Amino acid sequence: MIFNKVSNTKLAKITHTILDEDSSPESLADALDDFARLCSDITAITPDASFNAWAEDSFLDDGVAINPQAAAFCIKDYPRSIAFIRGVYAAILAAQIRFPNMPLKILYAGCGPFATLLLPLLVKFKPRELDLHLLDIHQQSLDSVESLIEVLALQEHHVSLIQGDACRYQHDHKLHIIVAEVMQKALEQEPQVAVTANLSPQLHDKGIFIPEKIEVTLCLGHWDDEKMLMSRAGAVDHDLLVASGQRHFLGTLLTLLPFSVDELIRSAKFNADTSMLEFKPVPFRLPEITTIEQYDLLILTRVQVFSQYRLGDYESEITLPRMCNDVALLRSGSSYQACYQLGNYPRFNVIAH
């Protein structure tokens with residue numbers, strides 16, 4: 001019991017630091033590291049990037065569900081974790097105003113072994129305020145969360161642990177909040193689109209889906225120069241790069257919104273040439289630039305978590321530009337089209353048009 005009280009007090013301190021808008025980047029990183037260590041000490045699951053062999057990942061019909069160790073490692077993407085934890089907290093406060101005098105039904109899909117985006121927030125709410133449903137494909141992750149809830153003395157909160165595929169899961173009641181962050185940059189590999197399409201219809205009309213919006217765009221840029229600028233200045237300003245001619249915006253490839261994703265899915269058609277189900281192609285044309293061969297074709301990802309909490313270029317692992325290698329040689333004035341392909345490895349495919 002003493003260990004429980006000490007752990008719960010430590011968790012409350014961590015949560016306070018994360019939610020404090022005046023916390024420095026260094027103190028935020030320390031708080032997230034403390035949370036990771038606390039969880040690892042309790043569950044014996046160590047955050048691991050697991051870049052080799054994709055050990056213990058689950059290969060689904062709609063994308064890859066990364067293994068528990070890799071899911072735990074996502075906490076090390078500090079800006080991503082902070083933006084989502086703060087966004088979820090703000091969403092809960094907003095939902096309490098929209099749905100007064102009732103427990104908020106919250107589904108957290110792909111919660112991973114630490115339930116990072118929600119578990120630290122439980123110290124801020126009374127048990128009767130939240131009705132929590134944590135969903136993950138990996139039973140090991142759910143067992144881990146169960147241990148955390150017990151040791152951190154959070155048992156009074158109503159928490160249901162559900163093993164299942166978020167691309168197929170059906171809840172028995174409309175939900176007030178859905179949290180589903182299962183994405184990589186450029187919406188590649190992981191099933192963010194399929195999860196959003198499956199879960200968003202299960203949201204209450206006034207409910208909140210997190211993330212609120214994911215936008216994927218295409219541009220010409222100088223990737224090596226941008227990475228060098230990022231390492232020196234710590235930020236990359238898209239508008240400034242466009243104004244200086246270092247980037248050339250080519251178009252928006254996909255805007256993922258929870259309340260319109262169903263229309264996107266219905267519009268998808270089977271392409272006999274690629275044997276893939278694809279969204280409507282987005283055409284684009286390369287500008288007339290004499291030095292166009294010196295540019296790279298970059299796919300950019302921006303995420304609006306909730307309200308003012310956003311992630312832009314280079315701010316997170318999930319918003320790093322992705323170089324498109326589908327086009328071997330860039331030619332001025334050439335026309336192409338980009339298609340988002342669904343299936344067991346979702347991705348954008350760019351071909352000549």
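The values are calculated or read from the model by the stated rules, or taken from the named source; none is laboratory data. Fair warning: this is a prediction, and the values are worked out from it, not measured in the lab. Please note: Cβ atoms are built from the backbone with ideal geometry, for glycine as well, and neighbour counts cover all protein chains shown. Only protein heavy atoms, including side chains, enter the accessible area calculation; ligands, DNA and RNA are left aside. Shrake-Rupley method; radii C 1.70, N 1.55, O 1.52, S 1.80 Å.
Observations on the structure shown:
- Rounded to the nearest 20, the size of the Cβ-charge dipole of region 222-324 about its Cα centre is 280 debye, with Lys and Arg at +1 and Asp and Glu at -1.
- Overall, the ratio between the Cα radius of gyration of region 131-175 and 2.2 N^0.38 Å, rounded to two decimals, is 1.21.
- Mean-position separation - Cα centroids, region 226-263 and region 164-222, in angstrom: 20
- The phi-based Karplus calculation (6.51 cos²θ - 1.76 cosθ + 1.60; θ = phi - 60°) puts the 3J(HN,Hα) values of region 144-154 at 5, 4, 4, 5, 4, 4, 5, 5, 8, 6, 10 Hz, whole numbers, x for Gly and Pro.
- THR17 accessible area, assembled protein chains, probe 1.4 Å, Å²: 30
- Radius ratio Rg over Rh of region 80-180, counting only Cα atoms, Kirkwood formula for Rh: 0.93
- Environment charge of LYS280, counting only residues whose C-beta is closer than 13 Å and scoring Lys/Arg +1, Asp/Glu -1: 0
- In order along region 20-28, the Karplus-derived 3J(HN,Hα) couplings, from 6.51 cos²θ - 1.76 cosθ + 1.60 at θ = phi - 60°, round to 6, 5, 8, 5, 6, x, 5, 5, 5 Hz, and Gly and Pro are given as x.
- Zone of GLU215's modelled label, taken as backbone nitrogen in region 244-266 under 15 Å from a point 7 Å along Cα→Cβ: 249-258
- As a ratio to 2.2 N^0.38 Å, the alpha-carbon radius of gyration computed for region 238-313 takes the value 1.42.
- Simple label model, 7 Å out from Cα along Cβ direction - ALA243 to ASN101, nm: 5.2
- Annotation: the antiparallel percentage among DSSP beta bridges lying fully within the chain is about 65.
- Packing-based order for 24-33, 144-153, 285-294, using average beta carbon neighbours within 10 Å, highest first: 144-153, 24-33, 285-294
- Computed on the Cα trace of region 1-155, the radius of gyration divided by the Kirkwood hydrodynamic radius gives Rg/Rh = 0.96.
- Local net charge near ALA65, Cβ-Cβ under 9 Å (Lys/Arg +1, Asp/Glu -1): -4
- Annotation: average projected area of region 84-135 is 3.4 square nanometres, based on the convex hull of Cα atoms across all directions.
- Order by protection proxy (mean Cβ within 10 Å, highest first), peptides 331-344, 225-238: 331-344, 225-238
- Distance from region 140-158 to region 109-124 (C-alpha centre basis), Å: 10
- When only the Cβ of Lys, Arg, Asp and Glu is charged (+1, +1, -1, -1), the dipole of the chain relative to its Cα centre reaches about 780 debye.
- 13 Å Cα-Cα reach of LYS126 towards aspartates and glutamates, excluding residues that sit fewer than 8 places from it in its own chain: GLU156
- Rg/Rh, computed from the Cα trace of region 133-226 with Rh as the Kirkwood radius, has the value 1.08.
- P(r) tail, region 215-353: Cα-Cα pairs separated by more than 27 Å, 25% of all pairs.
- Between amide H atoms placed 1.01 Å from N, distances below 5 Å from HIS222 occur with ASP296, all of them 5 or more places distant or on a separate chain.
- Taking only the Cα atoms of the chain, the radius of gyration and Dmax are 21.0, 71 Å.
- Each residue of region 9-14 is assigned a 3J(HN,Hα), and the resulting list reads 5, 5, 4, 4, 5, 4 Hz, derived from the Karplus form 6.51 cos²θ - 1.76 cosθ + 1.60 (θ = phi - 60°), x at Gly and Pro.
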